[in-house]
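The values are calculated or read from the model by the stated rules, or taken from the named source; none is laboratory data. Given the structure is predicted, the values throughout are model-derived calculations rather than measurements. Here the Cβ is made from the backbone with ideal geometry for all residues, glycine too, and neighbour counts use every protein chain on show.
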Amino acid sequence: MITVKTRDLKRLILKAGLTQAAFSKKIGVTQGYVSQLLMGKRSVSAPTAKAITESLGCTFDDVFEVAKERGLEYGERCYLETGC
């Protein structure tokens, strides 16, 4: 499972000069979804994680952690690292 480093994500969104509404539009999700991410109540899919990192110009490790008990499947890791 991919979890969000909420403080880091909030900081990067603010640094980019974006509101939650503008950020949600930019990554193609609802504002409610972004709000839940920032409260730590949602995890993200690989495609959404990729959209977030690309829109903020950051790395995966800047804003996400992979839960150690499950880890990423090979396909998810491949998609995040290379977009394959």
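How many residues does segment 16-31 hold that are part of a helix (DSSP H, G or I) and either surrounded by 15 or more Cβ atoms within 10 Å (Cβ to Cβ) or out of contact with any helix residue (DSSP H, G or I) (no Cβ under 8 Å at 6 or more places or on another chain) (or both)?
Total meeting the criteria: 7.
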>> I'd like the residue in segment 44-56 that is touching a residue at least 40 places away in the same chain (Cβ under 8 Å) and small (Gly, Ala, Ser) and, out of all such residues, is surrounded by the most Cβ atoms within 10 Å (Cβ to Cβ).
In response: 49
> Between a first residue in segment 14-41 that is on the phi > 0 side of the Ramachandran plot and modelled with pLDDT under 95 and a second residue that is surrounded by fewer than 17 Cβ atoms within 10 Å (Cβ to Cβ) and assigned to a helix (DSSP H, G or I), which pairs have beta carbons less than 9 Å apart while being 6 or more apart in sequence or on different chains?
Replying inline: 40/6
